[in-house]
Amino acid sequence: MNKFVKASHDKSTKTVQYVCDNGDILLRSGGTIAWRFNNPGNMRPKGKGTYPGQIGVGDTKSGLFVIFENYEIGRREKKALLRRSYNDLSLKNAIYKYAPPKNKYGGFENDTEGYIDFLVEKTGIQRGIILSTLSDTQIDKLMDAMQQKEGFNNENASSKEKIIKTTSISVSNGGQPLSDQEVKIKRSGEEKIYKTDRNGNLPPIAHKKEG
């Protein structure tokens with residue numbers, strides 16, 4: 001089964017370009033950041049290193065967010081984060097840390113008290129409960145409520161996906177790859193200059209039409 005290996009986000013068009021290991025490209029546009037980025041927890045990048053399954057970081061009007069390979073990995077990493085960094089906190093203190101009234105980018109984005117009230121109502125988990133005392137089932141229920149509050153599916157009407165088929169090309173002198181080599185590609189009467197990477201590979205060449 002093919003998998004996505006890297007991704008980038010265009011801030012102006014709200015579009016993530018996912019590159020598949022076979023060279024195909026998925027364009028995912030519109031919707032929410034959480035949906036577009038396979039990031040149901042709206043997780044920010046680490047100061048150092050990356051999360052397992054992280055294939056990119058996207059810049060948005062709300063700052064930087066991690067792009068995960070798929071939804072399942074994004075949800076798994078959110079659960080791991082809750083267990084790792086919030087486990088010893090009460091629900092109230094965890095949400096004040098997770099969704100503070102003012103984020104590090106200077107924006108006032110979260111109604112933290114309203115967020116806590118919503119989770120208590122949806123899950124029955126009380127404010128003072130320490131997260132380490134919750135079972136995996138309870139944590140999953142909490143994550144479902146958090147995902148609902150974060151609005152994962154809030155903008156479905158604008159959510160769009162499109163697969164673009166590509167051709168992969170490698171350039172060599174017959175014995176070794178040619179790196180930083182400019183190559184002129186002609187398609188349907190149009191010409192464009194591409195450059196090979198260190199391994200002699202050109203960026204995936206998108207098909208104008210199927211076939």
Helix 71-85 sits off the longest principal axis of the Cα atoms of the chain, rounded to the nearest 10 on a 0 to 90 degree scale, by 50 degrees
Determine the sum of side-chain charges near V5: Lys and Arg each +1, Asp and Glu each -1, restricted to other residues whose C-beta is under 12 angstrom from that of V5. -1
Please list, short to long, the whole-number percent of alpha-carbon pairs of region 156-211 in consecutive 10 angstrom bins beginning at zero. 21, 40, 25, 11, 3, 0
With a sphere of radius 15 Å drawn around the Cβ of G74, what net charge do the other residues whose Cβ falls strictly inside it have (Lys, Arg +1; Asp, Glu -1)? +3
Charge context of P177, other residues only, Cβ under 15 angstrom, K/R +1, D/E -1: -1
Over region 83-211, what percent of the accessible surface lies on carbon and sulfur atoms, probe 1.4 Å? 45 percent
Would you pull out the residues with amide H under 5 Å of T15's amide H, same chain only if 5 or more places away, H placed 1.01 Å from N? D10
Enumerate the calculated ³J(HN,Hα) couplings along region 180-192 in order (Karplus 6.51 cos²θ - 1.76 cosθ + 1.60, θ = phi - 60°), each rounded to whole Hz, writing x wherever the residue is Gly or Pro. 6, 9, 7, 10, 8, 10, 10, 9, 6, x, 9, 10, 8
Just to be sure I understand: with springs between alpha-carbon atoms less than 10 Å apart, which residue in G49, G174, G124 has the highest mean-square fluctuation in the Gaussian network model of the chain? G174
Computed from the beta carbon distance with a Förster radius of 25 Å, FRET efficiency for L178 and L27 to the nearest 0.05 stands at 0.25
Report the normalised scattering of the chain as log10 I(q)/I(0) at q = 0.19 Å⁻¹, calculated by the Debye formula with identical scatterers on the alpha carbons. -1.40
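Considering only protein heavy atoms, what per residue accessible area in square angstrom results for region 54-179 with a 1.4 angstrom probe?
Details: 7030 Å² over 126 residues.
Here the per-residue accessible area is 56 Å².
To the nearest 0.05, how large is the calculated FRET efficiency for S188 and K162 if R₀ is 25 Å and r is the Cβ-Cβ distance?
Numbers: r = 19 Å, r/R0 = 0.77.
That gives a FRET efficiency of 0.85.
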How long is the gain from S62 to D88 if the chain were fully straight, where each residue apart is worth 0.36 nm and the alpha carbon distance is subtracted? 6.6 nm
On average over all directions, what projected area in square nanometres does region 54-131 have, based on the convex hull of its Cα atoms? 5.7 nm²
Size of the dipole of the chain about the Cα centre, Lys and Arg at +1 and Asp and Glu at -1 on the beta carbon, nothing else charged, in debye to 20? 320 debye
Calculate for the chain the 222 nm mean residue ellipticity that helices alone would give, adding -39,500 (n - 2.57) per DSSP H run of length 4 or more and normalising by residue count, nearest 500 deg cm²/dmol. -7500 deg cm²/dmol
Using Cα atoms only, what is the angle between the long axis of helix 112-123 and the major principal axis of the chain, expressed in degrees (0 to 90) to the nearest 10? 80 degrees
Given the Cα-Cα distance of K195 and S135 and 0.36 nm per residue of separation, how much length would full extension add, in nm? 16.4 nm
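Among 58-64, 68-74, how do they line up by average Cβ neighbours within 10 Å per residue, starting with the highest? Could the numbers behind the result be given before it?
Details: 58-64: 14.1, 68-74: 18.3.
So the peptides 58-64, 68-74, ranked by packing, come out 68-74, 58-64.
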Ranking N42, N173, N22 by how far each Cα lies towards the positive end of the charge dipole of the chain (+1 on Lys and Arg Cβ, -1 on Asp and Glu Cβ), the top one is N173
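The values are calculated or read from the model by the stated rules, or taken from the named source; none is laboratory data. A quick note: this is a predicted structure, and the numbers were derived from the prediction, not measured. FYI the Cβ positions are ideal-geometry reconstructions off the backbone, even for glycines, and counts take in every protein chain you see. In case anyone asks, the SASA skips ligands and DNA or RNA and just uses the protein heavy atoms, side chains included. Shrake-Rupley method; radii C 1.70, N 1.55, O 1.52, S 1.80 Å.
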